[in-house]
Amino acid sequence: TVRQTGVLRVGMEEDAPPLHFLNERKQEDGFDFRLAGIIAGAIGAKRVQVVEADYEDLPDRLRAGDIDIIMAGYVPDASIEGVIWSNGYLDFGLCMIVNESMSSTFRSPADLAGKRIAIYDDPAAERWVKENIPNARITKFSGDDGWFEAIEKDQADALIYDYPFAAEEIKEHPRTMIVRYNLNQSKYAVGIPEGNFDLVFEINTAIDKVKATPQYADLMREYL
């Protein structure tokens, strides 16, 4: 159907730099947005149509047939029903963020046993915290903000967060700091409707090809 319509409908979050955002010229931009254009071309689509929805709502839109794929910082997760995942298109790690006043107290996950941990409402982050921080008291956030604010307002002792988003968002929160990088090795992947194996194959082929090109390295430098 993508080839028939010439349009690849991609579900993305509305304002999620560096993956998807409006730039200074009010044009759509971002690592995922640019990569979606490359993938679209590789699978025979003439253009990308971005369909915006909240992170937690995008899988529903995919299952309903409103979109063809989702690209919004998803780590492959079997708990998200009706979705199969491509090869990874961006490797990253979780990082640990604390209030700068506590940076000598909380230096690593080993210091956080039994402490208050903020995360974005993401199954992969929650799983990592439960596996690596004993007796963590987890608070989940979703929507547009709240997780950095929890650190600033002493509502949490640490934030465990995806580095690509953290590196961008921390600019607005100068009283917070990253004290540990690369807590794990993870990857973002494209979400595809379950059963659409042809599309999975085509997208995997496109991702594997583009990751081996200088164009991909340029995108990494520009956005990450």
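Annotation note: Cβ proximity below 9 Å between a residue of the stretch 189-205 that is closer than 13 Å to V10 by Cβ and touching a residue at least 60 places away in the same chain (Cβ under 8 Å) and a residue that is open to solvent by 60 Å² or more (accessible area, probe 1.4 Å) and hydrophobic (A, V, I, L, M, F, W, C) (sequence gap 6+ or interchain) occurs for I203/A42. Kindly evaluate I133 against the criterion of being in contact with a Ser or Thr (Cβ under 8 Å, 6 or more places away or on another chain), aliphatic (A, V, I, L, M) and at pLDDT 95 or above. Considered against the rule, which asks whether it is in contact with a Ser or Thr (Cβ under 8 Å, 6 or more places away or on another chain), aliphatic (A, V, I, L, M) and at pLDDT 95 or above, I133 comes out as no.
Hey, which of the strands (runs of 3 or more DSSP E) in the stretch 1-97, taking only ones fully inside, have at least 2 residues that are open to solvent by 40 Å² or more (accessible area, probe 1.4 Å)? Outline the logic, then answer.
Working: elements: 7-12, 47-52, 83-92.
In the stretch 1-97, the matching strands (runs of 3 or more DSSP E) lie at 47-52, 83-92.
Restricting the first member to the stretch 19-43 and to residues that are modelled with pLDDT of 95 or more, and the second to residues that are surrounded by fewer than 16 Cβ atoms within 10 Å (Cβ to Cβ) and among the acidic types (D, E), the beta-carbon pairs closer than 6 Å and six or more apart or on different chains are F21/D15.
R221 meets each of the listed conditions (1) in contact with a strand residue (DSSP E or B) (Cβ under 8 Å, 6 or more places away or on another chain); (2) part of a helix (DSSP H, G or I) apart from (1).
Taking L159 as the residue in question, decide whether it is in a loop (DSSP other than H, G, I, E, B) and either under 13 Å from the mean Cα position of the chain (by Cα) or in contact (Cβ under 8 Å) with a residue 12 or more places away in the chain (or both). Spell out the reasoning first.
On the way: in a loop (DSSP other than H, G, I, E, B): no; either under 13 Å from the mean Cα position of the chain (by Cα) or in contact (Cβ under 8 Å) with a residue 12 or more places away in the chain (or both): yes.
So L159 fails the test.
Of the set (1) within 16 Å of the chain's Cα centre (by Cα); (2) aliphatic (A, V, I, L, M); (3) under 18 Å from L183 (Cα atoms), all apply to V129 but (1). In the stretch 163-178 there is at least one residue that is surrounded by fewer than 14 Cβ atoms within 10 Å (Cβ to Cβ), assigned to a helix (DSSP H, G or I), at pLDDT 95 or above and not β-branched (V, I, T).
A count restricted to the stretch 136-153 and to residues that are open to solvent by 80 Å² or more (accessible area, probe 1.4 Å) and under 18 Å from S108 (Cα atoms) stands at 1.
The values are calculated or read from the model by the stated rules, or taken from the named source; none is laboratory data. From a predicted model like this one, the values you see are computed outputs, not experimental measurements. For neighbour counting, all protein chains shown are included, and Cβ atoms are generated from backbone atoms with ideal geometry for every residue, glycine included. For accessibility, only protein heavy atoms count, side chains too; no ligands or nucleic acids. Shrake-Rupley method; radii C 1.70, N 1.55, O 1.52, S 1.80 Å.
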